[in-house]
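Taken together, the values in this text are just the output of simple stated rules run on the coordinates, not laboratory data. All values derive from a computational prediction rather than experimental measurement. In this analysis, Cβ positions are derived from the backbone assuming ideal geometry, glycine residues included, and neighbour counts consider all displayed protein chains.
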Amino acid sequence: MSPDEAFDTAYREHYWAVSRFVARRLDGRSGEVEEVVAEVFAIAWRRRRELPESPLPWLYGVARNCLANAVRGRGRYRRLLAKLGHHEVTGGRRTVPSPDAERPGSWVLEALDRLTEADQEVLKLTAWEELTVEELATVLGCGRSAAAMRLHRARQRLRTQIDTVRGAVPVPARTSTKDERK
Amino acid sequence: MTDELDLLRGADPVPADAERWRDRPLDFEGERRLRQLVSGARRRRTVRRVVMGVATATAGAVVAIALTVSGPASSPAVAAPVALRPHTSAADVSLADIARRARAAAAAEPGKSVRGSHVQDWSLGLESGKDAVTVPQETLTRWNADGSGSLLVVATDPRHPGRPVIDDGDPPRTVHDGKVVRRESYPPGIDGANQSYFEPPPAGAAALRDYLAVWHPDADRDPGELLGAVQDFLRVWTPGPREIANLATLLSRDAGLRPAGRVTDRMGREGQAFVRTTAGLQQMVVLDPDDGRVLDMEETGTRDDPEYRLKAGDVLSYTAWLS
């Protein structure tokens, strides 16, 4: 298969998966999602000779950089960084507590929000993009064992925060979570 | 104890079956962008701006199920729908008058908006290197205040494209020879399937415009985005008289629409058509002249596109509201 054919196949197979990846990190704002996805595939086209046999994790890696560049390039990096992982609409959360107290949506996201951006990303890639550890390593640009360790630690920290949120005990400041890494 | 990753999966804000981003064949925008990349056109960025205009306008449309006709054993081929043809009439009613009628109707009987919609829609389905045709599909959604709900998607019969295939009873049932494409039930809560326009619409046209802009950020300043937002909103809610009046007021003030005449839509209903034309695209809104209800929205190209064998006037997408 030529690089052009491989790109065509990857584009068709993964266009919506990449769109979801970006939408999850941009609050689903359609205009911005479409712009970033277009940029991801524009870069992938230019680098199509580098496309691996399983291109999706590689595309996610490109998308991560595009997200950072796109946001930073528009001078809204900090504002949008604050939104990554959140789902807020005009002052109210899009994901709201369900009448069913056992539904995890809101408090899991609240627990996730208390982790560092790096921890959040490892967990999102695993839970939402359903990546294996090998694929996680590809996206993060690190070795398999390092990716496995980062995921293991992030899971532990998420579990701690879930227990905290669900237990309704005083919530430690975000800096205390970062301190755990030291 | 439930695994923390399982809990996180359950909180995915954009699950794989999210209406807008679900896996399916490329839509018009995706296909165009692929062609642009592969053709290596130097003027990519300029072209993209044009495509983005089309894409933004078509963003609310749900892509119809692509049925590739590949041989003699396949279903009969389906032609693309013919564009609606409005004509001037002595009975024409201005958009401002329709908005006034809608407000009067709302004052007499405010009513309530209902979560859920019943629509038939179609949009161009393009697959590179293939002759792909699409048939209109009908979608019935019902939502409860706690976020639980159901979705039924039925492709219309290719032999009778556009003929309604869902009887909106309790429970809803398919009629004629529609093919059930999806049938989903959703638990309570907010997720990717129902998060847009989850809260009930507010009172007043200005507040409604701000509400629409939450999910279409420029709907409060860009007429094309406003039309897209109205289309998306009406896929979630069946508005009551008061919201119909507010929508008609917004359309009359902010949507940049001009009168196009009377039209009989694909469901055989007579309506009053209004259009907005931008580079390469014409958007049409058909309203019930008596109460201001949105009956149809349609998008057509305004210039030829040899690459996709499109001619000026060809339909790119349409949505007809059936309830």
Could you tell me which of B:PRO164, B:PRO201, B:PRO188 has its Cα farthest along the dipole of region B:150-224 towards the positive end, charges placed at Cβ (Lys, Arg +1; Asp, Glu -1), taken about the Cα centre? B:PRO164
Using a 10 Å cut-off around each Cβ, can you sort B:THR139, B:THR302 from fewest to most neighbouring Cβ atoms? B:THR302, B:THR139
Taking the Cβ of each residue in B:ARG309, B:ARG253, B:ARG183, B:ARG142 as the centre, tally the other Cβ atoms inside 10 Å and list the residues starting with the fewest. B:ARG309, B:ARG183, B:ARG253, B:ARG142
Measure of compaction for region B:186-323 (Cα Rg per 2.2 N^0.38 Å): 1.09
